[in-house]
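Participant: Have a look at the structure that comes next, please.
Quick note: the coordinates plus some simple rules give every number you see, no bench work behind them. Everything numeric in this text was worked out from a predicted model, so none of it was measured. Don't worry about glycine lacking a Cβ; one is built from the backbone with ideal geometry, like all the others, and counts go over all protein chains shown.
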């Protein structure tokens, strides 16, 4: 097999992704998304409070930030859009949310909870 990228290529791509800009407003939005999984009632999502046993950890905000930068980079931009955050949020958060028994008994999924958060929160 022939390598597609050299180590230098990978290091260069990582530096380019790190250089992608995230506005302060989008950083706040990322934090709000993660916090809404932990304290849904604070964000007008009272119903989700009974469905989410444990929300995403603070590390999720780091992953969402970096993932959004990578998504923007792959789209050929050096800045993140709200749509980038929304596009990657389900994949970043899905395995980071632990649902309650009530959610499972009502067949509520973590993906449905994430979609409700994204639909409710404004940038």
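Participant: Round to the nearest 10 and give me the degree value, 0 to 90, for the angle of helix 82-93's Cα axis relative to the longest principal axis of the chain.
Facilitator: 70
Participant: Additional query: Can you give the helix-only mean residue ellipticity at 222 nm for the chain, where every DSSP H stretch with n ≥ 4 adds -39500 (n - 2.57) and the sum goes over all residues, rounded to the nearest 500 deg cm²/dmol? Can you show the working numbers first?
Facilitator: Values: 7 runs with 76 residues, N = 123.
Calculated from helices alone, the mean residue ellipticity at 222 nm is -18500 deg cm²/dmol.
Participant: Same structure again: Once you've got the GNM for the chain with C-alpha springs shorter than 10 Å, pick whichever of 20, 34, 85 has the biggest mean-square fluctuation.
Facilitator: 20
Participant: Relative to the longest principal axis of the C-alpha atoms of the chain, give the angle of the C-alpha long axis of helix 24-38, reported between 0 and 90° and rounded to the nearest 10°.
Facilitator: 40
Participant: Let me ask another. Determine the gain in length on full extension of the stretch residue 115-residue 8; use 0.36 nm per residue of separation and subtract their C-alpha separation, reporting nm with one decimal. All intermediate terms of the calculation are to be shown ahead of the outcome.
Facilitator: Numbers: separation 107, 0.36 × 107 = 38.52 nm, distance 3.79 nm.
Fully extending the segment from residue 115 to residue 8 adds 34.7 nm.
Participant: Using every alpha carbon pair in the range 7-120, what percent of pairs falls into each 5 Å bin from 0 up to the bin containing the largest distance?
Facilitator: The percentages, shortest bin first, are 2, 13, 22, 21, 16, 11, 8, 5, 3, 1, 0.
Participant: As I understand it, the value is the acute angle between the Cα axis of helix 58-74 and the longest principal axis of the Cα atoms of the chain; what does it come to in degrees, rounded to 10?
Facilitator: Roughly 50 degrees between the two axes.
Participant: Name the residue, out of 69, 86, 25, whose mean-square fluctuation peaks in a Gaussian network model built on the chain with Cα pairs under 10 Å.
Facilitator: Largest GNM mean-square fluctuation: 25.
Participant: Need one number: nm distance between label points at residue 49 and residue 101, each 7 Å from Cα along Cα→Cβ, rounded to one decimal.
Facilitator: 2.0
Participant: For the range 7-120, what's the relative contact order in percent, using C-alpha pairs closer than 8 Å and at least 6 residues apart?
Facilitator: Numbers: 142 pairs, mean separation 34.8, N = 114.
Reported as a whole number, the value is 31 percent.
Participant: Provide the three semi-axes, in whole Å and in decreasing order, of the ellipsoid equivalent to the range 53-123 as defined by the square roots of 5 times the Cα gyration tensor eigenvalues. All intermediate terms of the calculation are to be shown ahead of the outcome.
Facilitator: Numbers: eigenvalues 133, 29, 17 Å².
Equivalent ellipsoid semi-axes, largest first: 26, 12, 9 Å.
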